[in-house]
Amino acid sequence: MAVRNIKLTITYDGSEYHGWQIQPGLRTIQGVTTDAIQDLLGSEVRLFGASRTDAGVSALGQVGLIQIDSPIPTENLAKAITDRLPADIAVTEAVDVPEGFDLMGAVTNKLYRYTIFTGPVRPVLQIRHCWHLPTKLDITAMAEAAQLLLGKKDFKSFASAADKRENTVRTIFRCDVSNEEGEKDLVHVEVEGDGFLYNMVRNIVGTLVEVGLGRWRPEKMNEIIEAKDRTAAGQLAPAQGLCLMWIKYA
């Protein structure tokens, strides 16, 4: 039977996991999903991911890739795998892709959404998926600062010190800050780019919050970018507010 390359779209609540990537002795999304696929197929399978989300980060559109030699039709795989997964992970789509499909290199766009709740009372039904920051934020100033991130730039100031990649240039296509319609206490920061450095979106959000609190003026964003120094940017926003919305390919 011919080996098939299958692209999976995976959604998960990352609250109870130590991130995407398999780590010895820790419960991760990649590890649990791999176990489910192997249980279904009865053979060893490697699951590759397009984005290594951190501990506590969720996803609606993570993308995975597996190679299988199985009679199970591709159109049945998503449900069959999901049936073997815990309730906080699901495979929403499985499609055949050609040999040589570049899971990471062929990515053209990724969208992350970060959610902040600014109301005075802890939002208990949403607390696993937002940063509770009980104070007023200047959304207009944050949106102005966010526009200064657009384009192809060196985002070294927004990379974690643990990110050792030499190339820190990325392209941000849009960065929007807005209130959710009908929910004045819910603030969303959406960042779409061709790729992201380790902790880049969370560091961008932490920096925008400094602007929203009135501590920094929007134009300071230019100084931070030019500094190419992590200490020039704002705090690291908590992981639970971040969600990988989707990944697009050429």
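Scaling the Cα radius of gyration of segment 52-98 by the globular reference 2.2 N^0.38 Å produces a ratio of 1.27. The GluC sites (Glu not before Pro) of segment 19-111 that meet both conditions, a loop assignment by DSSP and at most 11 other Cβ atoms within 10 Å of the site Cβ, are E44, E99.
Multiplying the residue separation of Q67 and L213 by 0.36 nm and removing their Cα-Cα distance gives an extension gain of 47.7 nm. Calculated mean residue ellipticity, 222 nm, the chain: -6000 deg cm²/dmol, from DSSP H runs (n ≥ 4) at -39500 (n - 2.57) each, averaged per residue and rounded to 500.
Listed by chain and number, the aspartates and glutamates whose alpha-carbon sits under 18 Å from that of K184, ignoring those within fewer than 8 places in the same chain, are D138, D176.
When the listed pairs K110/K164; K136/K156; K153/K220; K164/K228 are checked against a 19 Å cut-off, the alpha-carbon distance exceeds it for K110/K164; K136/K156. With all pairs of different C-alpha atoms in the average, the Kirkwood value for the hydrodynamic radius of segment 107-249 is 15.1 Å.
Residue order for I139, I127, fewest other beta carbons within 10 angstrom first, comes to I127, I139.
Calculated FRET efficiency, S160 to E181, Cβ-Cβ distance, R0 = 35 Å: about 0.60 to the nearest 0.05. Close amide H contacts of Y17 (hydrogens built in the peptide plane, cut-off under 5 Å, sequence separation of 5 or more or a different chain): G56. Shown here are the Rg and Dmax of the Cα trace of the chain, at 19.3, 63 Å.
Please give me, ordered by residue number, the chymotrypsin sites (Phe, Trp or Tyr not before Pro) of segment 79-128 that lie in loop per DSSP and have at most 15 other Cβ atoms within 10 Å. Taking segment 79-128 and a limit of 15 other Cβ atoms within 10 Å, the loop chymotrypsin sites (Phe, Trp or Tyr not before Pro) found are F101.
With viscosity 0.692 mPa s and temperature 37 °C, the Kirkwood radius over alpha carbon pairs of segment 4-97 converts through Stokes-Einstein to a diffusion coefficient of 252 µm²/s. Other residues within the sphere of radius under 14 Å centred on the Cβ of N76, judged by their own Cβ, net out at -1 (K and R +1, D and E -1). By other beta-carbon atoms within 10 Å, ranking I22, I172 with the fewest at the front produces I22, I172.
Other residues with beta-carbon under 12 Å from the beta-carbon of F155 carry, at +1 per Lys or Arg and -1 per Asp or Glu, a net charge of +2.
Read-outs throughout are calculated quantities, based only on the coordinates presented, and are distinct from any laboratory measurement. Computed from a predicted model, the values in this text were never measured in an experiment. Every residue, glycine among them, receives a Cβ derived from its backbone with ideal geometry; neighbour counts consider all protein chains shown.
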